[in-house]
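Structure record follows, encoded as structure tokens.
The values are calculated or read from the model by the stated rules, or taken from the named source; none is laboratory data. If you're wondering where the values come from, they're calculated on a predicted model, not measured in any experiment. We place every Cβ from the backbone using ideal geometry, glycine too, and count neighbours over all the protein chains shown. Side chains included, ligands, DNA and RNA excluded: accessible areas come from the protein's heavy atoms. Shrake-Rupley method; radii C 1.70, N 1.55, O 1.52, S 1.80 Å.
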Amino acid sequence: MNGSIYVISTYYHAFISCVKQLVNKENADILVTRYIPESDILSERLKQSGLFHGVYLAGDPAEYIPRNKIDLLINLHRKNAEMLQPAIPVDLRGYQTVNIFHDDTWVAHYLKDCRIRYRLIEDGLDSFKTIKDTPFSYMVTKRSLVSAVKRTLRIGYVFSGFDPLTTEIEVNDKNGAVIDPSVKHKLVEVPRAPLLGMLTDKDIEVLKSIFARDIPEIDPLRSVLLLTQPIYADGNTVSKPEQAELYRMLVSDHINADETLVIKPHPRDETDYSAVFPDAVIINKNLPAEMLTYFNINAKKLIGFNSTAMKTVNADQRFYAELNEYLQKIRRTNND
């Protein structure tokens, strides 16, 4: 049986997988899914890095949609596994450890369909502390008769450690993790700061070779760095134009005439910020925010709606805006 494999669906997942490989030097493979923008480029760079024994790029399959409740109860897991299996170019049953960062992706469903045990690694830095305030709050299963029946009879899917197939949940910090008490014994704390502190200069060069994009020059004394979120894509109650207006308001509240706006869009954010802010410096959205410090991108001010990625960026001042506050501003403006 092979060692371990990482299943990744964001650039953060890729970054953490690479860091763990650089530090631990395990016999590990990696499966790149097409949730990741430019996944083919990332896959090729991971191969060239030599960090992983095998680098695999998954397909982009459709999942099985049950016709009715009886079909859901009887056929979901078998038929879904049959549909998904051709998109996975490696046998996930052949690993001692399968690491996955988000267990409501199609690969996670496949693992559950096939009863393959897996380790769950937090989706973002301290994401289990903030999950209740995100569109993914539904994934934190609460103990109830309904959830117990779903889990026992394998009706659909359960998440965030509640699935008995989840062997461990790896987090940066256990304190404040929003996890059902019945599965808190699965929490394993692996602090990220000491892990990153173990990277050598050579390791950092490897990371740069994997994640580097065109890096603009930034004046740290005059820059206001905006980290965006895919607010519309994540299903919040805003339209694409309203998302742009939210960021116009946020920038207006925090920038002065002598400062330069620098924008690092989220990889899943499809907004063209060069049209919204014609004078802004735009950083390639597929550069992980965690890599900004390694390219000496520092800011006078850092702004954004509350995001764990903001903790990883160097800035003299940080302004964590509340999304609901700005949503209310939008609604008041629209009603006037």
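Summary table
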read-out	value
Members of segment 216-230 that are farther than 19 Å from D272 by Cβ and outside any strand (DSSP E or B)	E217, I218, D219, P220, L221, R222
Checklist (1) open to solvent by less than 40 Å² (accessible area, probe 1.4 Å); (2) at pLDDT 95 or above; (3) over 18 Å from the mean Cα position of the chain (by Cα) applied to D201, failing item	(1)
Some residue of segment 89-104 being acidic (D, E), open to solvent by less than 20 Å² (accessible area, probe 1.4 Å) and farther than 25 Å from E189 by Cβ	no
Flag for E63 being at pLDDT 95 or above, farther than 22 Å from F211 by Cα and within 24 Å of the chain's Cα centre (by Cα)	yes
D279 open to solvent by 50 Å² or more (accessible area, probe 1.4 Å) and without any contact (Cβ under 8 Å) to a residue 24 or more places away in the chain	yes
Qualifying residues in segment 109-162 (those that are within 27 Å of I70 (Cβ to Cβ) and small (G, A, S)) - the one modelled with the lowest pLDDT	S144
Qualifying positions in segment 165-194 - part of a loop (DSSP other than H, G, I, E, B) and either open to solvent by 70 Å² or more (accessible area, probe 1.4 Å) or of a type in the set (F, W, Y) (or both)	K174, N175
Failed item, numbered, when A212 is tested on (1) within 30 Å of T167 (Cα to Cα); (2) surrounded by fewer than 18 Cβ atoms within 10 Å (Cβ to Cβ)	(1)
The one condition in (1) more than 24 Å from the chain's Cα centre (by Cα); (2) more than 30 Å from N335 (Cα to Cα); (3) of a type outside the set (F, W, Y) that N256 fails to fulfil	(2)
Positions within segment 48-78 being aromatic (F, W, Y), in a loop (DSSP other than H, G, I, E, B) and open to solvent by 20 Å² or more (accessible area, probe 1.4 Å), in sequence order	Y64
Long-range neighbours under 7 Å by Cβ, at least six apart or interchain, first residue free of Cβ contacts under 8 Å to residues at least 60 places away in the same chain within segment 292-318, second assigned to a helix (DSSP H, G or I) and of a type in the set (A, V, I, L, M)	R318/M310
Residues satisfying the stated conditions in segment 296-310, i.e. more than 24 Å from Y232 (Cβ to Cβ) and surrounded by fewer than 17 Cβ atoms within 10 Å (Cβ to Cβ)	N296
Residue in segment 1-47 that is least open to solvent (accessible area, probe 1.4 Å), counting only those that are assigned to a loop (DSSP other than H, G, I, E, B) and more than 19 Å from T308 (Cβ to Cβ)	T33
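One line per residue, one yes/no per condition, for (1) open to solvent by 30 Å² or more (accessible area, probe 1.4 Å); (2) of a type outside the set (A, V, I, L, M, F, W, C); (3) at pLDDT 90 or above:
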site: N236; (1), (2), (3): yes, yes, no
site: D253; (1), (2), (3): yes, yes, yes
site: A257; (1), (2), (3): yes, no, yes
site: I263; (1), (2), (3): no, no, yes
site: R268; (1), (2), (3): yes, yes, no
site: I283; (1), (2), (3): no, no, yes
site: P288; (1), (2), (3): no, yes, yes
